[in-house]
1. For the range 219-477, what is the largest minus smallest coordinate of the Cα atoms on each principal axis, given in angstrom and ordered from greatest to least?
2. In nm, what is the difference between 0.36 nm times the number of residues separating Met232 and Ser337 and their Cα-Cα distance?
3. If packing is taken as the average number of other Cβ atoms within 10 Å across a peptide's residues, how do 442-450, 406-414, 454-462 rank, most packed first?
4. Compute the semi-axes of the equivalent ellipsoid of the range 181-241, taking the square root of 5 times each eigenvalue of the Cα gyration tensor, and list them largest first in whole Å.
5. Taking amide hydrogens as modeled 1.01 Å from N in the peptide plane, which residues meet the under 5 Å criterion relative to Phe67, leaving out close sequence neighbours?
6. Report Rg/Rh for the range 33-158, rounded to two decimals, where Rg is the Cα radius of gyration and Rh the Kirkwood radius.
7. Going through the range 9-69, which chymotrypsin sites (Phe, Trp or Tyr not before Pro) have at most 13 other Cβ atoms within 10 Å and a DSSP loop state?
8. Could you give me the ³J(HN,Hα) list for the range 43-55, computed from phi with Karplus coefficients 6.51, -1.76, 1.60 and θ = phi - 60°, whole Hz, x at Gly and Pro?
Amino acid sequence: MFRNTIGCVIAAVLANGCFYSGNIFSSKSSAQQSRQEFLMATLVWTAIVHAIKMTAAYLPSMMTQRFHELPDYKPSLYFCLKKLIKGTFPYFLVSLSGMIGTGLLVQNTSLMNALFQYKLHFYIGNVFNLVFTAGIAIAARTIYSKETSQGHGRRGALRVISGRIGKVSATSRTHRAPNYRSTSFWREFIIQLPHAVHIAICGGFVHVVSWYGVLNQGKVVIMGFTMLGITMKLLIQEAARHYILKKKIRGIRTMCLLVGLPTVLIDTQSRIVLLGTQTNSFLVAGTIAMAVAEMCLRAGKAAYVARSIRRRASDLEAKILELSSNTEQSVETSASSLRLEFDLWKRQIISYHTAELTADMYAEYIAIGCSQSIIFWWSGHPFYPSLQLDTGAVMSPGDKAMWRFNQVAMLAFQFVVEIFVDYLCVVVEMAAGIDFARIESRSTFLGVVFMMMAVLNINISSVVYLSAPRERQFEKH
């Protein structure tokens, strides 16, 4: 897991560097570019980074397939990348053109000035990113269905099953052969729409944080916001748990997705406001307080899960004893059914709790890296006033170097604290009966998913925090 989180943090830092560079064809640094120019560059980077992120997400699964062109060899990264680029290039052009059109619309209307605070460019850009999301899903499905041995075998099996059903259903109307054509673009667009809505809601949360200017509201407000973030995270996790139990979802992948993104986003914003205090003692105290709160919450959740299982097991035994007094033949069947139901419920509870803990651990490391990266890159940038740190005076080059060193030191401190917390908590959770072995087999999937979340987190923050400049206290240039 630690290797995956390091990869996620590196991906986030690289994405942040892309956004920070602004217009790479300009001879000026991003801080010296005009706001119109920097906005256009940010939207273009949004389309490019999103395309890279989604392509990277599909590559691992494609590399496990066997293609008709190379039936005896495992496909290389370059081979799969070439296939995906060929299939998604038209969708990327549409997405990129939409971003450029959005930039031109904003530059030449009141959206650049009076209405800029509403961040409509972010929400419009989110729709054009959805074009590429739908497009790459169609391209990947088409490649799997038509160019891989697994897809060809599945189609053949479906034809056989369909033919048998058609023969058995002699009295019904004529059976139609299954349609293997690719899903239409608009159908896939609608299927992927909830993901875009989810991203828009996350962007709305960052929008509120940016608009209120939490960094400049004092330590009491900062601590209040941190506590609010923890409360929101718990509410979201509890809502996800009820949804999973109600829908009887057993896939750990889905569980991690439901819990992961909100946790990453909320934790990142909480740590950004702690970093923005510019006081090491306050940051250290806040980090330790969050660590203690995390340990207490995780220990409490583990105890709650163990207690729930014991209580339901006791209820099960009581029901079986009650049934045993009955001499009917169906008693044994009923007891077996009750035990099976209990085993399924127990497996689902433990699976969700394991997924929640795994998502939490990934999210904490990613939030540390993302928040540190955002503050490091943007704190002195004129177009990010809500991340502007009040130093009280212009910083000398020596002060800037010391500030950068301090940021790296605080990053290391937060990582060390989080590793210590995870070690203690995992020991307690394993003693309570939580099994992490099942989640280890999904390490690659989790690494890809949380890499996407880390980059998306940077994407949202870079676009939404972008605002009109104000007089700055120091520059990085």
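1. Each principal axis gives a Cα extent; for the range 219-477 these are 88, 32, 30 Å.
2. On the way: separation 105, 0.36 × 105 = 37.80 nm, distance 3.82 nm.
Full extension from Met232 to Ser337 adds 34.0 nm.
3. On the way: 442-450: 18.7, 406-414: 15.9, 454-462: 26.6.
Output ranking for 442-450, 406-414, 454-462: 454-462, 442-450, 406-414.
4. Value: 35, 16, 5 Å, ordered largest first.
5. Ser149
6. Numbers: Rg = 18.7 Å, Rh = 16.3 Å.
Rounded to two decimals, Rg/Rh equals 1.15.
7. Values: sites: Phe19, Tyr20, Phe25, Phe38, Trp45, Tyr58, Phe67; in loops: Phe25.
Passing both the DSSP loop test and the Cβ count: Phe25.
8. These are the phi-based 3J(HN,Hα) values: 5, 5, 4, 4, 5, 5, 5, 5, 5, 5, 4, 5, 5 Hz.
Values in this text are rule-based calculations from the coordinates and carry no lab data. The structure presented is a predicted model; accordingly, all values stated were derived computationally and were not measured. All Cβ positions, glycine included, derive from the backbone under ideal geometry; neighbour counts span all protein chains shown.
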